[in-house]
Amino acid sequence: MLALLALLCLLPPVTLAAEDFAAERRRMADQIGTMAAQTAFETARPRFDSRVMDALAKVPRHRFVPANQMSHAYENRPLPIGYGQTISQPYIVALMTDLANPQPGQKVLEIGTGSGYQAAILAELAGWVYTIEIVEPLAKQAEERLKALDYRNVEVQAGDGYYGWAAHAPFDAIIVTAAASHVPPPLVKQLKPGGRMVIPVGTPFLTQNLMLVEKAADGSVSSRQILPVRFVPLTGGH
Amino acid sequence: MKDRPPFIAIALISAAALGYEVLLTRLFSITLWHHFAYMIISAALLGYGASGTFLVLARSRLETRFDAAFVASAATFGLSIAPSFLLAQRISFNPLELFWDPRQALYLLGLYLVLFVPFFCAGTCTGLAFSRFRGRIHRVYAADILGAGAGSLGIVLALFAFPPVQALTLLSALGLLAAAIAALETRSGFVQFAALLAGAGLMAAIPAESWIELRPSPYKELSQTLQVAGARVVARHSSPLAQITVVESPRVPFRHAPGMSLASPAEPAPQLAVFSDGEGLNPLTRFDGDLAPLAYLDYLTSALPYHLKREPRVLVLGAGAGADVLQALYHRSPRVDAVELDPQVVALLRGQFAGYAGRLYERPELRVHVAEARGFVAGSPERYDLIQVALVDAFSVASAGLHALSESYLYTVEALQDYLGHLQPDGLLAVTRWVTLPPRDTLKLFATAVAALKRSGLPHPERRLALIRGWKTATLIVKNGEFNEREIAALRAFCRTRSFDPAYFPGIAPDETNRYNRLDESYFYDGATALLSPRRDAFIEGYKFHIEPATDDRPYFFRFLRWRSLPEILALKDRGGLPLLEWGYPVLAVALAQAVAAGALLILLPLPRIRGETGMRRGRVAAYFLGIGLGFMFLEIAFIQKFILFLAHPLYAVAVVLCAFLVFAGLGSLLSRSVVTALERATDRPLRWVAAAIGAFALAYIFVLPPLFRELMGLPGLSKVAISVAAIAPLAFLLGLPFPTGLARVGREAEALIPWAWAVNGCASVVGAVLAALLAVHLGFTVVVILAVVLYLLALGVAFEGTAAAPNGQPAPEPS
């Protein structure tokens, strides 16, 4: 049994050709599209924006995960990326991106770069993406990765995200994937009127719900909490 | 004289094995999470059962070379303790990926197998001794459990004196010392003795830190925090309660302020982070006497009571490193009593970090008590304007449901009644919890408060309750009186200026419940009003989470999973549905399933080898040892729970109760032959009387202990320990009789079945421990005790005494 275990750990990661990955990626995007329709009630969106779905079908997620996880890159599940961090479940990435609703020409701030996957998706959709990562080695890896994939509209910074990125503020959308005990007030200030901030609430591998903070044209702020799934807590409810 | 069982070695091995079991819980609580520790260890303990199975198969060969086999097993036990844990750490098991990654199940199996080795060796030693010294089973068993009793107390003392990794090598040394003494006791030779003794000395002398390093999961909060540039550990202390780590992060400040309002004009003050077993960030706030930097504490949901009652006298339960105490000071409380369970945390604020914290815990308006919350409240004659129950558990742990099966006496109906009883007229009880969606603990807490008010005979609960929520925390207020207009207006203003939503207060309108942090439905308001209405029971029953209030008999506040919701939740996995599941509960069920499966295998596997046995039939032997194995664990676990509340401390209770249980059972075993012989003069079915006595004591305790405990709760700690030991002694003594008496009879009538009986007993103990916990969740501890009594009656009265026993008296002759 132990020998079998040892063997399992030593197995080389399955290597797939680029075209196999592309096919898997399309399958994953299709799967997520179907799920989006099923949870339309909770998320209040009948489907995810087609641009989000296109981005999902385009960004090579396998380039954002460690080599030993590459064969799982297009499964709809969170994956470890080292340093105690994870790359979110693609369905959650799609939902967060859809809620943030980045448009061409817009500026987006991301707190918690992680692998850089979410930043790449945002870069496909927005004008400029500014992303801050608290763990220095992760920031460096993400920066190199995004450069290698030729994302020229993404800027990565290592450091503290609490005060946002004043030099490029205000932002049309902000995504805060770093766990926070509260919503940093400086980030709310850096949100443009009409802007949206999305914060996943949860723990590694588990996103409990999504907090959506919206700033109205008059500057007033409201928030919503969105469950990623349809789960009516009361039997016979609805 | 040569043929004397190696009593000292048996006792030492048993002490070290029990110590190792407790230590593993500690080690895995630091590196993983507590409930996984439980699952892993229960599997490893099957090593005892496996040793019995092994001995059935290998008995004939080993028994003729008893001395060598015993010493070798003991030495392997000692040598395997540290390496098995080190190897276990190398297996990259990540419980958080269990539902995603099929390989994790294999890793888990690997963990079991690696950790199983020491317990298997320890079990082999004892099992061999039973088999070899059939005439002195009662003494071998006495040595075995007296040793275990000493081990249960010894490990707690050791963990006060040494860090956990050092305790690991010391246990290893103890195992080797046992082997050395075994060499002496069996006269295996001086060379063996000297070599093993030298090994023990070496193991004890080498600093453990030089070769053993704990590797906590990278997903624990502490591990993640230490990834941040500039973050470093500034203090680390360890006790049997927890490992406390203090971290400073100068480049990226902590700013811990759970659920702070978006409208807060202030940012959190500078903080150090205090972690307990690598989880549950508890802020140690920099304070210089100036209250202005604490303004952010007024923008948490927990600040609400200070807006309803000015300058209250406060009791903070779960003071930790002082955040809630500072909140009270910020609101100008003239007197604060702060209760904290862990003396290490209090010591931080009185010692190394006293200056940083502005000598907070030495301020004249403050009294700090190192105590468990329930025990403190029960023993206190004071009444307060405000009792503040802090958010003691970590968000990450709470939201993953890791506590699902931890007993908590903080949030039971009786607890809330106690708190209410210590409020001044119009005083407030405030309890803050994390928000989970759809709501679980908040609604359960609300239901608990309603039940407590009703049970206390207070009229109109609906006029005494208020609940508000932010996006991350919710605060419930229970008033010792009815809310008035002024208070309602203050609550509305508090919520309006902080963008919090009221979920309930007397006279609330539905349209004011979902304004600032909108949910797709007013879950909290709908739940609260339903829980106050006549459809309360139907609502609780129809809810997909378990929100029935916890009680002292079923103290599982954190259990929310209902089995009927499980298929729906699992089906939602791909859409992010897993957070709806609490892990603690299914994990325990898995632990039970694997224990039952492995136990059945271990018991059935050697059956062909013992087919030809005459005398006592196998079914009868199995039923007897299954019954007493399960029954013993049921009673032990149930009474540990009952005494935890009385001794007001989870750790001391477990150490004292377990030690007393084992020591008095050991005495029972030692005297079992005399007791049974004496009984035989009066009756021809002596064990029926033993069963009846066990039943009488256990059932009497169900009725006598709760009122007795309530009366005596206020006594000083040592008196309570003495009372507990005195209460346990007679029952435990009786529980020590059945095993040696039964095994001695097996020895006389079907000696080849001795190791098999040992296997059955070993497996039954593991299954019994897990099953007791699961039964307690559903039925309460009272039912667990009743079931134990039934098991004893069946085992002793039917399985053993069903047919007349063979003439008792003289011990069977022993092979030389």
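Overall form of the protein assembly as shown: prolate. Here a/c, set by the Cα gyration tensor axes a ≥ b ≥ c, is 1.5 or more, and a/b is the larger of a/b and b/c.
The simple spin-label model puts a point 7 Å past each Cα toward its Cβ; for residue A:136 and residue B:211 those points are separated by 3.4 nm. Near residue A:231, no amide H atom lies under 5 Å from its own; only residues 5 or more places off or on other chains count, and H is placed 1.01 Å from N. Straight-distance candidates among the aspartates and glutamates for linking to residue B:220, with alpha-carbon spacing under 16 Å and chain neighbours fewer than 8 residues away dropped: B:97, B:277, B:279, B:393. Annotation for region A:145-238: trypsin sites (Lys or Arg not before Pro) lying in DSSP loop with at most 12 further Cβ atoms inside 10 Å of their Cβ are A:152.
Within the shell defined by Cβ-Cβ distances under 9 Å, the residues around residue B:311 carry a net charge of +3, with Lys and Arg each +1 and Asp and Glu each -1. On the protein heavy atoms, probe 1.4 angstrom, tell me the percent of accessible surface of the protein assembly as shown carried by carbon and sulfur. Ligands and nucleic acids excluded, carbon and sulfur reach 61 percent.
3J(HN,Hα) along region B:535-546: 8, 3, 5, 5, 5, 4, 5, x, 6, 7, 10, 7 Hz, from the Karplus curve 6.51 cos²θ - 1.76 cosθ + 1.60 with θ = phi - 60°, whole Hz, x for Gly and Pro.
Using the Karplus relation 6.51 cos²θ - 1.76 cosθ + 1.60 with θ = phi - 60°, the per-residue 3J(HN,Hα) values for region B:572-589 come to 8, 3, 5, 9, x, x, 4, x, 6, 9, 8, 6, x, 6, x, 4, 5, 5 Hz, with x marking Gly and Pro.
A crude spin-label estimate for the pair residue B:60 and residue B:700, with each label 7 Å from Cα along the Cβ direction, gives 5.0 nm. The distance from the alpha carbon centre of region A:134-171 to that of region B:245-289 is 25 Å, rounded to a whole number. Centroid-to-centroid, using Cα positions, region B:736-806 and region A:85-101 are 54 Å apart. Residue by residue, region B:335-343 carries 3J(HN,Hα) couplings of 8, 10, 9, 10, 10, 9, 6, 8, x Hz when phi is fed to the Karplus relation 6.51 cos²θ - 1.76 cosθ + 1.60 (θ = phi - 60°); x denotes Gly or Pro.
Under the combined filter of DSSP loop state and at most 13 neighbouring Cβ atoms within 10 Å, region B:281-327 retains these trypsin sites (Lys or Arg not before Pro): B:310. In chain B, helices alone account for a calculated mean residue ellipticity at 222 nm of -18500 deg cm²/dmol, with every DSSP H run of four or more residues adding -39,500 (n - 2.57). Per residue, chain A reaches -10000 deg cm²/dmol at 222 nm when only DSSP H runs of four or more residues are counted, each adding -39500 (n - 2.57).
Amide H to amide H distances under 5 Å link residue B:750 with B:616, where only residues 5 or more positions off or on other chains count and H is placed in the peptide plane.
Give me the percent of DSSP beta bridges within chain A that run antiparallel, rounded to the nearest 5.
50 percent
From the square roots a ≥ b ≥ c of the eigenvalues of the alpha-carbon gyration tensor of region B:241-345, which class results: rounded (a/c under 1.5), prolate (a/b over b/c), or oblate? Because a/c hits 1.5 or more and a/b fails to exceed b/c, region B:241-345 counts as oblate.
Summarising the label geometry, the points placed 7 Å from Cα in the beta-carbon direction at residue B:571 and residue B:454 lie 3.3 nm from one another. Counting only DSSP beta bridges whose two residues both lie in the protein assembly as shown, roughly 55 percent are antiparallel. Rounded to whole Å, the principal axis extents of the Cα atoms in chain B read 87, 57, 53, largest first. Here's the list of lysines a cross-link from residue A:189 could span, going by alpha-carbon distance under 19 Å and ignoring same-chain residues fewer than 8 apart: A:107, A:215.
Chain A contacts chain B over a buried accessible area of about 5800 Å², both sides summed; the probe is 1.4 Å and only protein chains count. Counting only heavy atoms of the protein chains and using a 1.4 Å probe, residue A:70 has close to 60 Å² of accessible surface. Placing +1 on the Cβ of every Lys and Arg and -1 on the Cβ of every Asp and Glu, with nothing else charged, gives region A:128-192 a dipole about its Cα centre of roughly 160 debye. Please calculate the 1.4 Å probe accessible area of residue A:63, with all protein chains present, and give it to the nearest 10 Å². Using a 1.4 Å probe on the heavy atoms, I get roughly 110 Å².
Considering only B:756, A:71, B:247, and ranking their Cα positions along the charge dipole of the protein assembly as shown that arises from unit charges at the beta-carbon of Lys, Arg, Asp and Glu, the one farthest toward the positive end is B:756. Three semi-axes describe the equivalent ellipsoid of region A:126-226; taken as square roots of 5 times the Cα gyration tensor eigenvalues and ordered largest first, they are 23, 17, 12 Å.
Under a Cβ-Cβ cut-off of 11 Å, what is the net charge of the residues other than residue B:101 that fall near it, where Lys and Arg count +1 and Asp and Glu count -1? With Lys, Arg at +1 and Asp, Glu at -1, the net is 0.
Placing unit charges on each Cβ (+1 for Lys and Arg, -1 for Asp and Glu) gives chain B a dipole about its Cα centre, and among B:434, B:278, B:732 the Cα reaching farthest toward its positive end belongs to B:732.
Rounded if a/c is under 1.5, else prolate if a/b beats b/c, else oblate: with a ≥ b ≥ c from the C-alpha gyration tensor eigenvalues square-rooted, which is region B:221-273? It is prolate, given that a/c is not under 1.5 and a/b is the larger ratio.
Straight-line reach from residue B:544: which aspartates and glutamates have Cα under 19 Å away, leaving out those fewer than 8 places along the same chain? Within the straight-line limit of under 19 Å, residue B:544 reaches these aspartates and glutamates: A:42, B:441, B:520, B:521, B:526, B:568, B:582.
The values are calculated or read from the model by the stated rules, or taken from the named source; none is laboratory data. Just so it is clear, the structure is predicted and the values come from calculations on it, not from any experiment. Note: ideal-geometry Cβ built from the backbone for every residue, glycine included; neighbour counts use all protein chains shown. Surface accessibility is based on the protein's heavy atoms, side chains included, excluding ligands, DNA and RNA. Shrake-Rupley method; radii C 1.70, N 1.55, O 1.52, S 1.80 Å.
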